[in-house]
């Protein structure tokens, strides 16, 4: 493809709107309306409308789908920017077309994660009370560490996205490809722009990429410490949690980038821009990360099953032997969600003839979905195991309500809506960097 054809294909979603766009937008807005209604019910009635209650028995989960979904979106956000940063640091130029999609996963994923924390509060208006009234204890809380790390990561990620977006905005203005509201927005977003600043932007983005990667590792490590430092809860007190969570985050992020890349490739007819080699390379990476994650999981299970305390033993037994409420989910995510997709990803890496984009999409979707279920299994069962030596209450039950399911489902709707809005305002593929690569596809 010529440079002009590549540029035209990338810009097409900005300047041409189909009927499908409006249908999809309408569906997403209905989802947002349902979310607002469910959240209104929760704000006016309190967390009693959720399944996170004891109903007078002191037995139940104090964390549920909200915190599970929080961990899931934090995981997605981590690997998103890590992929983009790795492409820049390692000079993997052929993966340039998917870098902005990965960056958006990070920014939007962090927004959804923060929304989940707010949703988990019965009185979100009191979120700053811990700083206003208990400032001396903020530094002692792993939750405060996580808040600080997430906020730092969000600031770095949005700055990184903006910096790498500037050359594209300048290019579109220079070639008069936009007008009206979009032109005004672009000029507003280009303060102090000077012709030829691309080289400076490249240097700044490179060093930001180097700084973002360790922050990414630190953020998900602090998420794991929220659990790992609670010695009173069986199934959480583990020294392996930090690397275990980081590897799981990378698996989540890579699979999510694959899904977004393939969907964008099909919707916008970008076969020549997001080539099969890009998808296959990402699939190979996902296979490697998945088997590493399975190894960590096996290590965790063996340790708690054969060498843990009685309560730790009870959590594991209830998961895969006693046919409890989470047993089916445990075995489905292990086999259908992780093992079978890994076997396909490994097979297509060995034999190129087995590579099919649709099969890679299915494998990535199964891994992504199973890792969401895995977050629920990490959070909830440990809270339902009662032991007089740990916490003084009997085994409990947690059944999410329609309010919880609606609010959690809405995060995926909101994320899709943010992508939809971005696609109509800015190029989803970095024009300047993709054209610099030269040959695409």
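The values are calculated or read from the model by the stated rules, or taken from the named source; none is laboratory data. Remember, it's a predicted structure, so these values are computed and weren't measured experimentally. Note: ideal-geometry Cβ built from the backbone for every residue, glycine included; neighbour counts use all protein chains shown.
Among the residues of region 199-242, those that are over 19 Å from residue 153 (Cβ atoms) and surrounded by fewer than 16 Cβ atoms within 10 Å (Cβ to Cβ) comprise 199, 200, 203, 229, 230, 231, 232, 239, 240. Tell me whether region 320-340 contains one or more residues that are farther than 17 Å from residue 373 by Cα, outside any loop (DSSP other than H, G, I, E, B) and either touching a helix residue (DSSP H, G or I) at 6+ places or on another chain (Cβ under 8 Å) or modelled with pLDDT under 75 (or both). Checking region 320-340: not a single residue is farther than 17 Å from residue 373 by Cα, outside any loop (DSSP other than H, G, I, E, B) and either touching a helix residue (DSSP H, G or I) at 6+ places or on another chain (Cβ under 8 Å) or modelled with pLDDT under 75 (or both). Taking region 175-186 as the range and being loosely packed, with under 12 Cβ neighbours inside 10 Å and part of a helix (DSSP H, G or I) as the test, the residues that pass are 180, 181, 184.
Within region 289-311, work out how many residues are modelled with pLDDT under 70 and either surrounded by fewer than 16 Cβ atoms within 10 Å (Cβ to Cβ) or more than 20 Å from residue 248 (Cα to Cα) (or both). So the answer is 7. Please tell me if residue 86 is surrounded by fewer than 24 Cβ atoms within 10 Å (Cβ to Cβ) and either at pLDDT below 85 or touching a strand residue (DSSP E or B) at 6+ places or on another chain (Cβ under 7 Å) (or both). When the stated conditions are applied, residue 86 passes them.
For residues in region 107-152 being surrounded by fewer than 16 Cβ atoms within 10 Å (Cβ to Cβ), in contact with a helix residue (DSSP H, G or I) (Cβ under 6 Å, 6 or more places away or on another chain) and modelled with pLDDT of 70 or more, which is nearest to residue 48 (Cα to Cα)? Ranking the qualifying residues of region 107-152, first place goes to 122.
Evaluated against (1) modelled with pLDDT under 85; (2) farther than 30 Å from residue 171 by Cβ; (3) in a helix (DSSP H, G or I), residue 369 falls short on exactly one condition, (1). Pairs are defined by a Cβ separation below 6 Å, a sequence spacing of at least 6 or placement on different chains, a first member in region 139-168 that is more than 24 Å from residue 194 (Cβ to Cβ), and a second member that is part of a helix (DSSP H, G or I) and modelled with pLDDT of 85 or more; the pairs so defined are 154/110; 157/106; 157/107.
Entry remark, region 5-32: residues being surrounded by fewer than 12 Cβ atoms within 10 Å (Cβ to Cβ) and either touching a strand residue (DSSP E or B) at 6+ places or on another chain (Cβ under 7 Å) or closer than 27 Å to residue 67 by Cβ (or both) number 1 in total. Against the list (1) at pLDDT 85 or above; (2) surrounded by fewer than 15 Cβ atoms within 10 Å (Cβ to Cβ), the condition residue 35 fails is (2). Checked against (1) on the phi < 0 side of the Ramachandran plot; (2) touching a helix residue (DSSP H, G or I) at 6+ places or on another chain (Cβ under 7 Å), residue 235 passes all but condition (1).
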